[in-house]
Amino acid sequence: MIRAKKSLGQNFLSDQRVARRIIDSVSPLADDIIVEIGPGAGALTRLLAKQSGYVVAVEIDARFVDELYRTVKTDNFSVVNRDALNMDWVEFTKSAMSMLHPPRRDYPDRRRVRVVANLPYYISTPIIEKLLPLGRHRLFDMTLMLQKEVADRITTGPGSKEYGYLSVRVQYYCDAAKLFEVPPSAFTPEPKVQSAVICLTVRERPAVEVADEERFFALVRAAFAQRRKTILNNLKAGARSLEFKQPVESALEAAGVASRRRAETLSLGEFAALCAALYRE
């Protein structure tokens, strides 16, 4: 048995009941192209390959490449020995589409790229941020196993203490749902924290309309800079670097946002309205 590397944050899923539950949640179809990040020894990979059109696994640990080919003996499967954090995901998604031949011209193209991953906790947030914009490139959804704390931050709504920049960024692109929690005993070795499985279904269009996404997310980040401060104080602190076109006080009033509110109470729609008011010429 290949031992987990602590330096890579490896905790391998060993509970087959949990693996089956994840596969049932994904419900792969014959036209689906599954990108699995961090397959490890293949607890999910074998099940995915049985039901999907094609599975391409991204595994940073070269020790598992031969092991995966040995245990997943199907012709609709391949492994790439890459670091998911340093990949060009747009190009990779385009190449993944070619793994499954397109249908005849007179038949609808139902191919979907879908991500399934048991993500090491220390890379979960940067990986998700890299994947979010891929909805423009046929990404349909992501079923992810994460630390419960991160899962709660992603799926919660305004008014919760977990709601923050990551919540807004994910929910701008995706409909986010927490599916179920997973105990440490489901892994080898056992992590010290509770895990959870979430599903991020990519929206056909973002949740709100903004003129400049980069500017919008910079504003949201500034709004959450110091959670105990009001939205007014946080935005005034970042006003110079963000180059607002309008005074913060008047923009808040125009957007219908009370100056004493905190960022954690604002919906995506309110952030979008505020962004439009701050950058109105």
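Some values worked out for this structure:
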| read-out | value |
| --- | --- |
| Cut-off 13 Å (backbone N to label point 7 Å along Cα→Cβ of GLU213), residues of the range 122-151 | 129-139 |
| Mean separation of Cα contacts under 8 Å (6+ apart) over length of the range 1-159, as relative contact order % | 23 percent |
| For the chain, size of Cβ-based charge dipole, Lys and Arg +1, Asp and Glu -1, in debye | 460 debye |
| Debye-sum result for the range 140-273 in log10 I(q)/I(0), which assumes one identical scatterer on each alpha carbon, at q = 0.09, 0.17, 0.18 Å⁻¹ | -0.32, -0.91, -0.98 |
| Amide proton proximity set for ARG203, modelled H, under 5 Å, gap of 5+ | CYS174, ASP175 |
| Residue among LEU131, HIS101, PRO158 farthest towards the positive dipole end of the range 13-166, charges placed on Cβ | HIS101 |
| Long-range amide H partners of GLU36 with built H, under 5 Å | VAL56, ALA57, VAL58, VAL116 |
| Listed pairs LYS178/LYS229; LYS161/LYS192; LYS148/LYS245 exceeding 32 Å between Cα atoms | LYS148/LYS245 |
| Among beta bridges that DSSP assigns inside the chain, antiparallel share in %, nearest 5 | 45 percent |
| Sequence-separation-based contact order of the chain, relative, with Cα cut under 8 Å and 6+ spacing, percent | 15 percent |
| Most positive-pole-ward Cα, GLN194, TYR172, TYR122, against dipole of the range 97-233 from beta carbon charges | TYR172 |
| MRE, 222 nm, helices only [DSSP H, n ≥ 4, -39500 (n - 2.57), over the chain, to nearest 500] | -10500 deg cm²/dmol |
| Inter-probe distance in nm under a simple model that places probes 7 Å from Cα toward Cβ, at LYS148 and TYR122 | 2.3 nm |
| For the range 18-92 versus the range 186-227, the gap between their alpha-carbon centres in whole angstrom | 23 Å |
| Residues whose placed amide H lies under 5 Å from that of TYR279, excluding near-sequence neighbours | LYS245 |
| Per principal axis, descending, Cα span of the chain in whole Å | 64, 52, 29 |
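Quick note: the coordinates plus some simple rules give every number you see, no bench work behind them. These numbers were taken from a predicted model, which means no experiment stands behind them. All Cβ positions, glycine included, derive from the backbone under ideal geometry; neighbour counts span all protein chains shown.
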